[in-house]
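Here the structure is laid out as structure tokens; the discussion comes afterwards.
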């Protein structure tokens, strides 16, 4: 009987300890996630300011810009946000950056061909970027209000 009591106490102890560990490994606080998002925006601003891109007409500069966008999209993708309000903004930003990157890579190629049949393709690329960009301002505003800070 004593042996059974010790096992029950040990099992309860393990459960309590597991509960403490699980709570400690829970999702990051709203404040931490807001700061991650703000830091990502600051990183983007810094990368753009430090870039030596002069003209989007220059293929070399367009390639550099696409590289920066890839890098920035990776940063946003890797934030690991779980808060639904902030995750929505993160997802919109990643989608917009992906669409922009695609446009930067596709449009120069379409322009080179000077084929009138490619005009609908150009519009389709631009529309994808525009569609992704339309939702972002409100989402950013909502996230800034939610976090009580400005990301700009």
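Please specify each residue of the range 94-108 satisfying the condition of being surrounded by fewer than 17 Cβ atoms within 10 Å (Cβ to Cβ) and at pLDDT 90 or above.
none
Failed condition for residue 55, given (1) without any contact (Cβ under 8 Å) to a residue 12 or more places away in the chain; (2) part of a helix (DSSP H, G or I), with all others met?
With (1) without any contact (Cβ under 8 Å) to a residue 12 or more places away in the chain; (2) part of a helix (DSSP H, G or I) applied to residue 55, the lone miss is (2).
From the list 145, 71, which one is under 28 Å from residue 28 (Cβ atoms), part of a helix (DSSP H, G or I) and over 17 Å from the mean Cα position of the chain (by Cα)?
Values: 71 fails: over 17 Å from the mean Cα position of the chain (by Cα).
Result: 145 is the single residue among 145, 71 that is under 28 Å from residue 28 (Cβ atoms), part of a helix (DSSP H, G or I) and over 17 Å from the mean Cα position of the chain (by Cα).
For the range 34-47, which residues satisfy the criterion of being crowded, with 17+ Cβ neighbours inside 10 Å and over 12 Å from the mean Cα position of the chain (by Cα)? Working first, answer last.
At the first step, the residues of the range 34-47 found to be crowded, with 17+ Cβ neighbours inside 10 Å are 34, 36-38, 40-41, 44.
If the condition is that a residue be crowded, with 17+ Cβ neighbours inside 10 Å and over 12 Å from the mean Cα position of the chain (by Cα), then 34 is the only one that fits.
For the range 74-93, enumerate the residues that are in a loop (DSSP other than H, G, I, E, B) and exposed (fewer than 15 other Cβ atoms within 10 Å of the Cβ).
So in the range 74-93, the residues in a loop (DSSP other than H, G, I, E, B) come out as 78-83.
Once the filter is applied, which keeps residues that are in a loop (DSSP other than H, G, I, E, B) and exposed (fewer than 15 other Cβ atoms within 10 Å of the Cβ), the range 74-93 yields 78, 80, 82.
Modelled with pLDDT of 90 or more, within 18 Å of residue 150 (Cβ to Cβ), over 11 Å from the mean Cα position of the chain (by Cα) and surrounded by 11 or more Cβ atoms within 10 Å (Cβ to Cβ) - does that describe any residue in the range 48-65?
Pass one, the range 48-65, residues modelled with pLDDT of 90 or more: none.
No - not one qualifying residue is present in the range 48-65.
Among (1) within 20 Å of residue 45 (Cα to Cα); (2) without any contact (Cβ under 8 Å) to a residue 60 or more places away in the chain; (3) in contact with a helix residue (DSSP H, G or I) (Cβ under 7 Å, 6 or more places away or on another chain); (4) exposed (fewer than 15 other Cβ atoms within 10 Å of the Cβ), which single condition is residue 139 missing?
It fails just one condition, (4).
The values are calculated or read from the model by the stated rules, or taken from the named source; none is laboratory data. Every value quoted in this text rests on a predicted model; they were computed, and no experiment measured them. Quick reminder, even Gly has a Cβ in these numbers, built from the backbone with ideal geometry, and neighbours come from all protein chains shown.
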